[in-house]
Amino acid sequence: MQDPRIRIATAAILSISAFISLQGAAFAFFWWLGFTPAVQLVKKIRLVFPLLLTIAFFSLVLELFGGNGLSYFIRMTVIILIGIWLYKEQKPGEFLSISVWLFGDRFGFELGLVSEMGMQSLSLISADFKRIRLAEKIKGMRWGVRSLIPTGMILVHGTLARAQDSAELLAIRGYRSGGTLCPEFLTKPMDVVAGLFAVCVFFTAVIPVSEFFILYR
Amino acid sequence: MKISLNRAYAVRDHWSLLASGTFNQGVHLVSGDVGSGKSTLALMMAELFPLSSGRIEKAEITSCMLSLQFPELHLTGRSVAEECTSWGISADDIVVATGLTGRKDASPFSLSRGELKRLHLACIFAKDYDLLLLDEPFSSLDCQEKTKLCTTIEQKSRGITVIFTHEQNILPRVSRIWEILDGKLIDCGRPPDAFLHWCHVPPSVKRLTALGLRPDNISMEDLQEAACRIQG
């Protein structure tokens, strides 16, 4: 999906649909299968499986204590799949464009800049994490609970150091607040179709199935 | 003792590397532009990067160490002393050798990048590995420290040492030169003959060769010897 505005709105609509009802989750899942490179996404983002395991654990706890664990598991799984699609499709500069388009050159620019820096940090943290795992392997250390503290320290320290570098660089360049940007978006017909289908998914989530078949009563 | 790369092929998103050749005992230099694949080759040789095809065979190599470019990623100790212990060595000698006396209990995060690199390299060289892979060992070091590191590398009497770097000025004496060009590892041969077809030849070596004063090797001593050579 090319247009980030439609993409973000679609992800939000589908996530809400999946969260509010099982029916919505099922249709959102079909949307995800139909409009995204589903298998490739799951293959590329290995974090899917630990996330699903975590949800499975909490769902089991919920089920054991009288809640509807299975429904929770299905709904949250679909939300995660939608989130992964949104994360993978995101390109640098998109948050800045959307923020400026939504909120203007001052507040929108600030918000977009912070979002972009946050997204950049996420990818750098992910790359650092892989290198730290390799470094521990080189030292002959096994990954476990004891590795969490040094790993966390390196990641936090690295992120703070980079944030300070970025702040200093912005200050040196004379940045105070706001900025000028003319956001441009490419909207393809398929983006609109996918967006409309997401709206349909939302309606199926909020309107009971029986209402669809009212004419047949 | 040797490590042989037999059409070892690695692929990343839109990039690939094909490597063939045998690294025997001695010091090897692998040069290449930033992003050419030096770090990936180092990981491949350390068996930390999966090969898409081909194979890497090690003969008589019982211990291997890879030093990553960024020393902070190796940190696991909460103090300088703990960090040394995590490498299986005593902190006392290391802190003296790295000029960190009195900072044994300091957090490694309080050290500058250069100090951290010195500490990391000292820990690496405190043990004798059969295969030592050094990814950008000269980064974050000043000229004096780079020269010291060259001496340490040259003094290593046994094993295979492979230096992956784009450093062009201060380098140790090496037994073989390699380079990565267009996704392929190329064996340039032994110095000084390697200079003839080495694309990443350091400017000082190039200049001296152009003047008819071809140095025997790439170390500072070799360059000085060539520069002071009397012609005719």
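What the table shows:
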{"read-out": "Restricting the stretch A:184-200 to residues that are of a type in the set (D, E, K, R) and farther than 21 Å from A:F27 by Cα, the residue that is surrounded by the most Cβ atoms within 10 Å (Cβ to Cβ)", "value": "A:K188"}
{"read-out": "Residue that is nearest to A:K43 (Cα to Cα) [pool: residues in the stretch B:1-52 that are in contact with a strand residue (DSSP E or B) (Cβ under 6 Å, 6 or more places away or on another chain), basic (K, R) and part of a strand (DSSP E or B)]", "value": "B:R7"}
{"read-out": "Number of the exception - A:S177 against (1) among the small types (G, A, S); (2) part of a helix (DSSP H, G or I); (3) in contact (Cβ under 8 Å) with a residue 12 or more places away in the chain", "value": "(2)"}
{"read-out": "Helices (runs of 4 or more DSSP H) contained entirely in the stretch A:8-68, each with at least 1 residues that are surrounded by 17 or more Cβ atoms within 10 Å (Cβ to Cβ) and small (G, A, S)", "value": "A:22-35, A:48-64"}
{"read-out": "Unique residue being part of a loop (DSSP other than H, G, I, E, B) and either among the β-branched types (V, I, T) or modelled with pLDDT under 90 (or both) when the list is A:R133, A:R142, A:R146", "value": "A:R142"}
{"read-out": "Residue under evaluation A:R162, criteria (1) within 14 Å of chain B (Cβ to nearest Cβ); (2) touching a helix residue (DSSP H, G or I) at 6+ places or on another chain (Cβ under 6 Å); (3) closer than 18 Å to A:P92 by Cβ, criterion not met", "value": "(2)"}
{"read-out": "Single residue of B:S52, B:S86 found to be within 14 Å of another protein chain (Cβ to nearest Cβ) and polar (S, T, N, Q)", "value": "B:S86"}
{"read-out": "Failed criterion for A:L14 (all others in (1) modelled with pLDDT of 90 or more; (2) under 13 Å from the mean Cα position of the chain (by Cα); (3) closer than 27 Å to A:K130 by Cβ hold)", "value": "(3)"}
{"read-out": "Only one of B:E72, B:E60 that is buried (at least 20 other Cβ atoms within 10 Å of the Cβ) and in contact (Cβ under 8 Å) with a residue 40 or more places away in the chain", "value": "B:E72"}
{"read-out": "Test: residue in the stretch A:70-87 that is more than 27 Å from A:V192 (Cβ to Cβ), aromatic (F, W, Y), surrounded by 14 or more Cβ atoms within 10 Å (Cβ to Cβ) and modelled with pLDDT of 90 or more", "value": "yes"}
{"read-out": "Filtered residue count, the stretch A:106-146, keeping only those that are in contact (Cβ under 8 Å) with a residue 24 or more places away in the chain and within 10 Å of another protein chain (Cβ to nearest Cβ)", "value": "2"}
{"read-out": "Boolean, B:I61 is away from every other protein chain (no Cβ under 14 Å) and in a loop (DSSP other than H, G, I, E, B)", "value": "yes"}
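The values are calculated or read from the model by the stated rules, or taken from the named source; none is laboratory data. Quantities reported herein were computed from a predicted structural model and do not represent experimental measurements. Positions of Cβ are backbone-derived with ideal geometry, glycine not excepted, and every protein chain shown enters the neighbour counts.
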